[in-house]
């Protein structure tokens, strides 16, 4: 069920002179060969996107929305095929892959509705004049999506661009290309004009430096690490090109003394291990009031240790492998460093199994502030649980890192909730839930976690420019 992999340029599928293997991280077996775009492929994609923009930007919002909805319907109908592909290349449990396909379709469905709500406004003006504000598509978008969510992350970029009237060149992740490929197929079958959506793969630095420097590219949309996001932003700034950056996080979870301890601990352990912890909003740094610390820790550790690890195609599996072999030494180093600093490894802490890129569900307790994991996002199945004496201390520790993507809290006290909303430095705060965003809500970070928002009524803002018009009925 794994698809034949191709580039998609100007409405046609093509191979390339160069390719690379796609590997199943659960078995370490090669499952496909991925074509890598040559410079000529990128030139063709840029020309196609320019021509596609001329067509799509002049297409009515209603027609754009209808096309997006047709593609979303096809993605829903093809859920099982797409989910199976994602599990093979990424390793996540099939049940989670199925949900990701639906989530991707939901992003498209929301953006289709927003395509018809890009309202301008009329501003009161002196007699004989009219002031009006118009929202217009920004132009060709160069987008880069990560490997951790092969379907939903490309969907966010493509949905925002197409709903706004932009054309897009998407460079999807080489490790997990199938989700983006299935999206391109769906839009081709839905009747999207040639050149509006183009899909390329290849060496990231080579592609990004070439596309971003091109004069026709007017927006760079990226999801990934803060270091890479800063680099791409610097490249774009040289050409005065706009950016939309959804970057790394290191999400805090504040558990107050009035919380339902068992529910908070069990839900925290389950969500931490989702996608093997490879989620930019993954709850990682748990700051638990000292009155309930031991009870919370015991329940969390028990549920984390009970996580069923294995091949994502097995129905019983709750957590699959990490995405690539590079993750294992990185996670091992973070655990070893925390242990050397005095942390208590309550469960896990090492590679799991004899094959595949698996890492044990891991819980570190009483981790000193000088341990690397207190400042570095693990992007893996490692949770940190530390006691705090007060909400003041919890908020201070939550804000002590340069990241501010998502944050969580468990409490029912109105005064605590008001303080959390006002004082926790994140773009997305969830209270008594560990769900960070929905298609209808804006998603993005503060500080080093990025710039701009995807989703919600604000989701199309970065893909559009604002034009002010002053019309005088007489020559002034």
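The values are calculated or read from the model by the stated rules, or taken from the named source; none is laboratory data. Only a predicted model underlies this, so the values are computations on that prediction, with no experimental measurement involved. We place every Cβ from the backbone using ideal geometry, glycine too, and count neighbours over all the protein chains shown.
Among strands (runs of 3 or more DSSP E) lying entirely in region 189-269, which contain 1 or more residues that are within 20 Å of the chain's Cα centre (by Cα) and under 26 Å from residue 432 (Cα atoms)? First the steps, then the outcome.
On the way: elements: 197-200, 217-223, 242-246, 252-255.
So the answer is 242-246, 252-255.
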- Message: I need a count of the residues in region 7-16 that are assigned to a loop (DSSP other than H, G, I, E, B) and either surrounded by fewer than 16 Cβ atoms within 10 Å (Cβ to Cβ) or under 23 Å from the mean Cα position of the chain (by Cα) (or both).
- Response: 1
- Query: Within region 103-156, restricting attention to residues that are without any contact (Cβ under 8 Å) to a residue 40 or more places away in the chain and part of a loop (DSSP other than H, G, I, E, B), which residue is surrounded by the fewest Cβ atoms within 10 Å (Cβ to Cβ)?
  - Reply: 127
- Item | Where residue 459 falls short, out of the listed (1) outside the structural domain of residue 260 (by TED's automatic domain parsing); (2) not in a loop (DSSP other than H, G, I, E, B) | (2)
- If you go through 43, 19, 4, the only one that is free of Cβ contacts under 8 Å to residues at least 24 places away in the same chain, at negative phi, more than 22 Å from the chain's Cα centre (by Cα) and not in a strand (DSSP E or B) is 43
- Task: Restricting attention to region 24-36, report how many residues are under 19 Å from residue 356 (Cα atoms), assigned to a strand (DSSP E or B) and touching a residue at least 40 places away in the same chain (Cβ under 8 Å).
- Result: 3
- Pairs where the first residue, in region 318-346, is in contact (Cβ under 8 Å) with a residue 60 or more places away in the chain and the second is part of a helix (DSSP H, G or I) and crowded, with 18+ Cβ neighbours inside 10 Å, C-beta under 7 Å, 6+ apart: 318/273; 319/273; 319/276; 320/276; 321/276; 322/276; 322/328; 323/90
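Specify the residue that is farthest from the chain's Cα centre (by Cα); the eligible residues are those in region 288-313 that are surrounded by 15 or more Cβ atoms within 10 Å (Cβ to Cβ) and part of a loop (DSSP other than H, G, I, E, B).
Filtering region 288-313 down to residues surrounded by 15 or more Cβ atoms within 10 Å (Cβ to Cβ) leaves 288-289, 292-293, 296-297, 299-305, 307, 309-313.
After this cut, where a residue has to be part of a loop (DSSP other than H, G, I, E, B) as well, the list is 292, 307, 310-313.
On the way: 292: 33, 307: 24, 310: 24, 311: 23, 312: 21, 313: 23 Å.
Across region 288-313, the extreme among qualifying residues is 292.
Being farther than 30 Å from residue 354 by Cβ and in a loop (DSSP other than H, G, I, E, B): is that true of residue 62 here? Quick ask: steps written out before the conclusion?
Details: farther than 30 Å from residue 354 by Cβ: yes; in a loop (DSSP other than H, G, I, E, B): no.
The answer is no for residue 62.
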- Query: So residue 409 fits all but one of (1) assigned to a strand (DSSP E or B); (2) under 19 Å from the mean Cα position of the chain (by Cα); what number is the exception?
  - Reply: (2)
- Message: Restricting to region 213-230, and then to whatever is over 19 Å from residue 449 (Cβ atoms) and out of contact with any strand residue (DSSP E or B) (no Cβ under 9 Å at 6 or more places or on another chain), can you tell me which residue is surrounded by the fewest Cβ atoms within 10 Å (Cβ to Cβ)?
- Response: 215
